[in-house]
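Right, one structure below, let's go through it.
Coordinate-derived values only; no laboratory data. Owing to the predicted nature of the structure, the values given are computational and were not obtained by experimental measurement. Glycine also receives a Cβ, built like all others from the backbone with ideal geometry; neighbour counts cover every protein chain displayed.
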Amino acid sequence: MHPTHPSPVPLSANLNENLAHLRTAFDGSGDLVIRSVTVNSRAAAVVTMEGMVQLQMYIQGVLRPMLEADYVSCTPAEQLRQMGETVLALADQMDVPDFDLLERLIMSGFCVVLLDGVPAGLGIGMQGYNFRSVGEPSGETMQRGSREGFVEVIRINMSMVRRRMKTPRLRFEMLQVGTVSRTDVALCYLDGAVSPHILGDVRRKLQHCPLTSVLESGYLQPFLESRPALFSTVGLSERPDTVCGKIAEGRIAVFVDGTPDVLIVPCLFTEFFQSMDDYANRPFFATFTRWLKYGAFFLSVLLPGLFVAVGTWLPSFFPTDLLYRVARSEAEQPFSLMLQALLIHLIYELMREAGLRLPKPIGHAVSILGGLVIGDAAVQSGLIGAPMILIVALTAISSFVIPQLYEPIAVLRIGFILLGGMLSVYGVVLGFCGLTAHLCALSSCGIPYTAPLSPTNFRALRDVLIRAGWPLLGKRTLRIQDLPGAKEDDT
Amino acid sequence: MTQTIRPGQAAALLCTAAAPTLLSGQSTLPGIACGTVGLLCTAGLLCLPPRKKSLPRFFRGLIAAVAALFFLWEAIRSAAELGRFAAGTEQTPSTAPLIAAAVVIAAVWGAVQGVESLARSAVLWAAAGLLLLIPVGAALVPYVSIDALYAHIRTAEDPLWKSGLDFLAGFGGELALLGLLAASVPHLRPRHLLFFGGIAGGVALICTILATGMLGSWAAVRAEPLYTAALSVPPDSAFRPDSLYTVVRIAAHYCRAALFLWGFGRCLRLLPQQGLRRFTALAGTSAAVIAAIWLTLTPAMLTSLTGVFRVPGLLTGLGLLAGRRCAS
């Protein structure tokens, strides 16, 4: 079931009727501005929304020329055409045949000129609303490369991509999603590289999205995912260079007006371990950091669970010296290792959440307080053992290496602690097997989530297990179309 | 669903499922070599193109029912064996029945995810298992005694054919599964199995040789040879091959149990009503949990039942060979 859009109401030739319809539609809304004027002895009106247009351009570029011009034509329709062609010398113009488009334009920073006797209007783009300037995205900082990040305005974001990919094959398809918010959404892809089957699927999903309001790209994310899962099968990026790289491989970027986060589909599990820095650094170092990230993932998910499992059930697995130290430390604690691990992780997550939402100066204070509480007071008070603090610290640092996976990691970690505490190493390994089966069952737009590891694509592995040098990568980059599931007959 | 499984993935899946049997050392060293050849020949037979004529509905139903019971049994056996293994390695053996139950529950989750997911996972597990076995093997090499190995081969008690057949019989479940998969996976060819089976068999053979060379006595090798050998490394060492071996073994048992439960579910497709299928699946898995706990607590029963169930295992494999699409 999806919302049905009523057919648009056409504009009338009678100006008063048009204005009455607009006033009724907006029902006395305070920001609707209708400037009535007389042009060449004909009644006219300029409709805008307050705060959405540049005031100076509105006066100097529209009102004044409109009022001061000499019109040679006689019919109203010719006069409106003359206005657009010779009087109002503004670049972004379009005909407005119906109220639906008129309302959308004025709410997007256009002004619309209506002339009595013409059943159409003239839309003029003069966006003048405030928006954040282009800056470096805080979540995806890089050592080398561009410092530009996306902003909240969709058109600026689109231009950033266009500037980097100067090919006519780069396409933007505009959609409107949300029956009330009517948010602008742009599908961006590289014609010839994208899989038509996936493109059609994504387009259909967005067109049939039943939401009334889309205020953030996260609203659309679940509609692009094949099924609810712990791991996201939709990628996110705030970097134009990252998005361009993905588009070149045949992926589709979904821009949503009002958010700097661009959705990317299909998204594979191995992509969370790749970053733009990998391609700027030398291959051997990029390969090293990539393996570091793989290791960090396993550490952050499994380490607390394994420590609890071994410490509780198989202490003989510790080397003797370490065993004595751990045993001495644990003998002084009132809680079992599993409870300690759960407690310290919950405290850590509380501190992190508090620091995240508070203003920066207070957030720092929370961090210091958290460091003292977790690092010192908990040990001194005898609630938690020192080895456990070390494990949590190592786990927390590891999880920050792959920030995009933080959410599933935080939940899985708790699960593995419980499994390790109750079922020993067997529980942890069985849990990990179940997790692998879950990951392998996922797909992103029909492409197996674990590709190219399994199903294996050896050609693609040179950018997964290692980061080969550009001479090798440049010969044939990964194309989504080459992966199983990208073609219609694969599914 | 199974249409998207690649032949290599199916082969890797079967080899991972067969890993517990390959690594447990249930036969003599020459017998393993002889049995491996027999195993690959049988696998090749099962992968021949399916016959056009299928069996009558009654026989298909009968074979599917036997196969369903057998698959369920194999899943239970896998869980119980891991439970017994845990009972021997854990500091608190009382948790072993819980571990056996957990294996069945985790395997149900894996089976529900589908064979496609299991096949993809198996490739990852097989690769990780091989990678883990390399450091295990490397750590054990200094402890291998060539003299002990020669002594064992000279004094092998069983005749070659008997131990070979014994080894082959241990794979009744895997062969039945192969019949089921071969009917579902297009383009599955004997060469795929030869390739992957050769790798798996070779690794198992090398592991057994290492273990035999270290332990010398065949009696010690018969049960968990690699694990027993891994214990030769001093416990004070920071590197513990036995822990890595344990991880490989748990994953392999899980894969095996999940695959057999999936096979059990496939066989239930012949049941006429969906409600009945669901009820049977639920009853079967619940029974599997209880049986796995019981068999973990009564190891003698596990051993005796293993012998009994090898015969229908092979019969099922032959039945599937005769009418390959019967259970699918």
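Just a few scattered comments:
- Over chain A, relative contact order from alpha-carbon pairs under 8 Å, at least 6 apart, %: 13
- Kirkwood Rh and Cα Rg combined as Rg over Rh, evaluated for segment A:281-441: 1.00
- Listed peptides B:101-108, B:117-124, A:101-108 by packing density, highest first (mean Cβ within 10 Å): B:117-124, B:101-108, A:101-108
- Kirkwood hydrodynamic radius of chain A, Cα pairs, Å: 26.7
- Inter-site label distance for B:A128 and A:S181 at 7 Å from Cα along Cβ, in nm: 3.8
- CD proxy at 222 nm, helix term only [per DSSP H run n ≥ 4: -39500 (n - 2.57); per residue of chain A; nearest 500]: -13500 deg cm²/dmol
- Amide proton proximity set for A:I252, modelled H, under 5 Å, gap of 5+: A:V265
- Taking a ≥ b ≥ c as the square roots of the eigenvalues of the alpha carbon gyration tensor, segment A:227-275 is oblate, as a/c is not under 1.5 and a/b does not beat b/c.
- Peptide B:114-125 is shielded by partner chain Cβ atoms: per residue, an average of 6 of them sit within 10 Å of its Cβ.
- Packing around the peptides A:397-405, A:427-435, A:411-419, taken as the average count of other Cβ atoms within 10 Å per residue, puts them in this order, highest first: A:427-435, A:411-419, A:397-405.
- When the C-alpha to C-alpha distance is required to be over 28 Å, the pairs from A:K246/A:K293; A:K293/A:K487; A:K246/A:K487 that qualify are A:K293/A:K487.
- For segment A:312-327, backbone phi angles converted through the Karplus equation (6.51, -1.76, 1.60; θ = phi - 60°) give residue-by-residue couplings of 7, 9, 10, x, 5, 6, 6, x, 3, 4, 5, 4, 4, 5, 5, 5 Hz, Gly and Pro being listed as x.
- Looking at segment A:154-278 alone, DSSP beta bridges between its own residues are antiparallel in about 100 percent of cases.
- Close amide-amide hydrogen proximity is noted between A:S444 and A:Y449, each under 5 Å apart and 5 or more residues distant or on a separate chain (H modeled in the peptide plane; Pro and chain starts excluded).
- Per-pair calculated FRET efficiency, R0 = 56 Å: A:K475 and A:H364 via Cβ, rounded to 0.05: 0.70
- Alpha-carbon centroids, segment A:53-95 and segment A:248-284: separation in whole Å: 44
- Our estimate of slack between A:E152 and A:A280, defined as 0.36 nm per intervening residue step minus the Cα-Cα distance, is 43.4 nm.
- Cα radius of gyration and Dmax for the protein assembly as shown (Å): 33.6, 118
- Förster radius 60 Å - calculated FRET efficiency between B:A138 and A:N130 (Cβ-Cβ, nearest 0.05): 0.40
- Whole-Å distance, taken between Cα centres, linking segment A:389-461 and segment B:109-130: 14
- Pairwise centroid distance, computed over Cα atoms, of segment B:171-196 with segment A:296-342, Å: 43
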